[in-house]
Amino acid sequence: MSQQPAPKVVLVVDDDPDQLVLVATILGKNGYSVHTAPNPVHALALLENLDVDLVVTDLMMPHADGIAFSEKLHAMPKHRNVPVIMMTAYGTDEIVDKGMRRGIALTLSKPVELSKLLDLVGFATH
């Protein structure tokens, strides 16, 4: 009897509660173990005691934007190599380039296409 691999763990960070629930629900229904945080401060506190395979974060949030949050995440030794997908309605070339230079692996435009979200999460976690 072969044992199933543990599900990949994803942290979703978004200050929009509807978006947070939508993304978390879709990922959960597709086999991911999902944790959520309504802002970067809460997310960083969670990450003190949580191992994750991927972070999906919004760009525009209170306390810190997704890029600053990504930098703080990657400053934590155990999360140094965790890929980050940034969701944004402001996906200009300048923002995408800035994010990539500061540790954002992939960018997803809002409104989020759920099939594209699943494709990017699958790509980032394998």
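The values are calculated or read from the model by the stated rules, or taken from the named source; none is laboratory data. Note that the structure is predicted; figures quoted are calculated from it, not measured. Backbone-built Cβ (ideal geometry, glycine too); neighbour counts: all protein chains shown.
Values as computed for the structure displayed
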{"quantity": "Flag if residue 10 is surrounded by 13 or more Cβ atoms within 10 Å (Cβ to Cβ), in contact (Cβ under 8 Å) with a residue 12 or more places away in the chain and within 12 Å of the chain's Cα centre (by Cα)", "calculated": "yes"}
{"quantity": "Selected residue (criterion: farthest from the chain's Cα centre (by Cα)) from residues of the range 13-52 that are under 21 Å from residue 126 (Cβ atoms) and in contact (Cβ under 8 Å) with a residue 60 or more places away in the chain", "calculated": "30"}
{"quantity": "Within the range 68-98, tally of residues that are part of a helix (DSSP H, G or I), closer than 17 Å to residue 124 by Cβ and free of Cβ contacts under 8 Å to residues at least 40 places away in the same chain", "calculated": "5"}
{"quantity": "Residue within the range 17-26 that is within 18 Å of residue 112 (Cα to Cα), surrounded by 15 or more Cβ atoms within 10 Å (Cβ to Cβ), small (Gly, Ala, Ser) and modelled with pLDDT under 95 present", "calculated": "no"}
{"quantity": "One residue from 56, 52, 23 being in a loop (DSSP other than H, G, I, E, B) and either of a type in the set (Ser, Thr, Tyr) or within 23 Å of residue 109 (Cα to Cα) (or both)", "calculated": "52"}
{"quantity": "Answer residue from the range 55-88, given it is closer than 20 Å to residue 114 by Cα, touching a Leu at 6+ places or on another chain (Cβ under 8 Å) and hydrophobic (A, V, I, L, M, F, W, C) and is surrounded by the fewest Cβ atoms within 10 Å (Cβ to Cβ) among those", "calculated": "85"}
{"quantity": "Any hit, the range 33-45, residues being touching a Gly at 6+ places or on another chain (Cβ under 6 Å) and assigned to a helix (DSSP H, G or I)", "calculated": "no"}
